[in-house]
């Protein structure tokens, strides 16, 4: 099955946005409203957060959400914006490489032109990381499925060595090299924010480096100077939104005041954002 030219064109645009020293900045979204707000803020692309998306659907993160539900939500995000969309598919929503290929076909059908696929294992008694050869096979299957569809899907291989405490720079670079050889286009290393470490990774990875940023991390400008090609914030926006709900509820139920609500978006603005009457 091949896809229309517009999907291929969006994939090429998304691919072109990964430039070391001039990073693509992605405030991750989880539904139609958050995606449109991110787009309106000036984002060149939108990436989903698997955690934020799962929480929105009433499920925990960590390979616990069913593939069909996740990709229905991805399709809603992709249809809400004009910019390219990348989908966080956790470890692939599949038990084996053939299943990952099926997920990629569904991602393309949903209208997304990039994926994040992680090597962390959420299986009791295994892990914390999937064996390199096994993960490389899954990435190769993702690449083959996209190629068969005629879409230059951007495969962002997430290496969770730092996040899981399973290795440092050398182990990360070893995994990155294997995943790039299997067909990945970029490498995502969450948990690495020390400037010296980020610089070593940017120099050692033979492809665009994605860093997970947030409070305490170097600024976007500082990460750019280190050679980073992509900066994302994962579930941070969703976490901030839920923190606001808790803070406002506690104020209302405690002090009986409404100060936390003062900076909320207007009803008309949000309604119009989703196609309603202002």
Of all residues being surrounded by 15 or more Cβ atoms within 10 Å (Cβ to Cβ) and touching a strand residue (DSSP E or B) at 6+ places or on another chain (Cβ under 6 Å) in the range 213-244, which is nearest to residue 162 (Cα to Cα)? Just the residue, please. 213
Can you list the strands (runs of 3 or more DSSP E) lying wholly within the range 1-118 that have 2 or more residues being modelled with pLDDT under 95 and surrounded by fewer than 20 Cβ atoms within 10 Å (Cβ to Cβ)? none
Could you please find all residues in the range 245-269 being out of contact with any helix residue (DSSP H, G or I) (no Cβ under 7 Å at 6 or more places or on another chain), surrounded by 10 or more Cβ atoms within 10 Å (Cβ to Cβ) and assigned to a helix (DSSP H, G or I)? 245, 246, 249, 250, 252, 267, 268, 269
Mind checking which residues of the range 132-154 are under 19 Å from residue 206 (Cα atoms), buried (at least 23 other Cβ atoms within 10 Å of the Cβ) and in contact with a strand residue (DSSP E or B) (Cβ under 7 Å, 6 or more places away or on another chain)? 139, 153, 154
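The values are calculated or read from the model by the stated rules, or taken from the named source; none is laboratory data. These figures come from a predicted structure and were not determined experimentally. Quick reminder, even Gly has a Cβ in these numbers, built from the backbone with ideal geometry, and neighbours come from all protein chains shown.
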